[in-house]
Amino acid sequence: MAEDIVTTTGIARHGATRLPSVELDSFNVELKDDEGFLGDRASKKAFRKILDDLRKPLKKNGDDPLGKKASGEIAKSELDEALDSDDVAAAALVHSAIEEFAQELAYVTRRFLKTKAWADTERIVVGGGFRQSRVGELAIARTDILLKAEEFEVDLVPIRFHPDDAGLIGTLHLAPSWIFEAHDSILAVDIGGTNIRCGIVETRWKKAPDLSKAAVWKSELWRHADDEPTREGAVKRLVKMLRDLIAEAESEGLKLAPFIGIACPGVIDGDGSIEKGAQNLPGNWESSKFNLPASLVEAIPEIGDHDTAVLMHNDGVVQGLSEVPFMQDVEHWGVLTIGTGLGNARFTNRRKENGKDEKKAKKSKD
């Protein structure tokens, strides 16, 4: 079965550690301490718990400046507004939660940096939904200060693209560079525990061969958590979303590559099966009888006049890959994605210009 799937994929193995521009040194590591998984200390849920614990004594006295809403129900935008409001107490409360969370994130980051796989990491980008808020940006900046105060020679920065776009744009860096020479866009899928997002990513390769100007042309979001579909129902809906996007690309005259890049939670095996970490997806995606890439190739055997190729990788890895063009001034770098858990990956740059070695890149400039 594995050999058949690799053949239909045609260009590389799923979940590969050797990618066109980088070596993947480590990903989806689950570090533990006496309290459990370290990632649980730096997740969106962890921040909400910190905020809730700070509010409890205030609620008893009727002095909670954030009102009666439960901490988990307060939108990120509301917390951002509290930071900038004239209500000093509300701003101080949110700042206190940011400080405590930054201390936790710094602790977790230190543990990663002390592992062999993360040694000599020069920069860490932070993605995930938490990053897309003023609260998240301040927490990242504060964590960066804490690490530097302890003389860690590493920069902690927010991911450049919107996290929703990063999960799609990153799939470009799974594909071999020859794909970009004849096509101007690809299909991308970002699968999460709540949502499935499909999109068409324009490579803009002629303007920037390093893919630094790539952008999401159009995307579609489905909150599968609201519908609670079966696994087969989820795949059927995903196929429909992709077919609709293919039709739109054709009507707009885009040169869509016969390639689908997929970001998916968990440890992805070379044959496209999921070893572990897909427990939040609808149905059993870790079953030996289920293979998403093979299902998509069967449902969409051709795009244009060419056989469809599908590559799938871990969602944290893919989000990090969106930063490849902007990490060429360092050698070793990583990504942390703050969401339901803490996604993580560490990279070593292997080639520049998305698969073209430095000599060839230099020659083209002369």
Can you tell me which residue is surrounded by the fewest Cβ atoms within 10 Å (Cβ to Cβ) among those in segment 228-259 that are among the hydrophobic types (A, V, I, L, M, F, W, C) and within 21 Å of Lys289 (Cβ to Cβ)? Val239
For segment 336-365, name all the residues that are of a type in the set (A, V, I, L, M), more than 19 Å from Val189 (Cβ to Cβ) and at pLDDT 95 or above. Leu336
Pull up segment 147-206, narrow it to residues that are of a type in the set (Ser, Thr, Tyr) and in contact with a helix residue (DSSP H, G or I) (Cβ under 7 Å, 6 or more places away or on another chain), then point me to the one that is modelled with the lowest pLDDT. Thr194
Single unsatisfied condition, Glu78 versus (1) open to solvent by 50 Å² or more (accessible area, probe 1.4 Å); (2) touching a residue at least 40 places away in the same chain (Cβ under 8 Å): (2)
Among the numbered conditions (1) at pLDDT below 95; (2) within 28 Å of the chain's Cα centre (by Cα); (3) closer than 30 Å to Pro301 by Cβ, tell me where Leu24 comes up short. (1)
All-but-one check, Ile300 against (1) surrounded by 24 or more Cβ atoms within 10 Å (Cβ to Cβ); (2) modelled with pLDDT of 95 or more, failing number (1)
Within segment 275-283, identify whether any single residue is in contact with a helix residue (DSSP H, G or I) (Cβ under 9 Å, 6 or more places away or on another chain) and modelled with pLDDT of 95 or more, and answer yes or no. no
Since Ile98 meets every condition but one in (1) crowded, with 17+ Cβ neighbours inside 10 Å; (2) touching an Asp or Glu at 6+ places or on another chain (Cβ under 9 Å), which condition does it not meet? (2)
Those residues of segment 2-15 which are open to solvent by 20 Å² or more (accessible area, probe 1.4 Å) and at pLDDT 90 or above, in sequence order: Arg13
Taking only segment 295-309 into account, find how many residues are out of contact with any Ser or Thr (no Cβ under 6 Å at 6 or more places or on another chain) and of a type in the set (A, V, I, L, M). 3
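The values are calculated or read from the model by the stated rules, or taken from the named source; none is laboratory data. Predicted model only: the values in this text are computed from it and were never measured. Every residue, glycine among them, receives a Cβ derived from its backbone with ideal geometry; neighbour counts consider all protein chains shown. The area values use the complete protein model at the heavy-atom level, side chains included, leaving out ligands, DNA and RNA. Shrake-Rupley method; radii C 1.70, N 1.55, O 1.52, S 1.80 Å.
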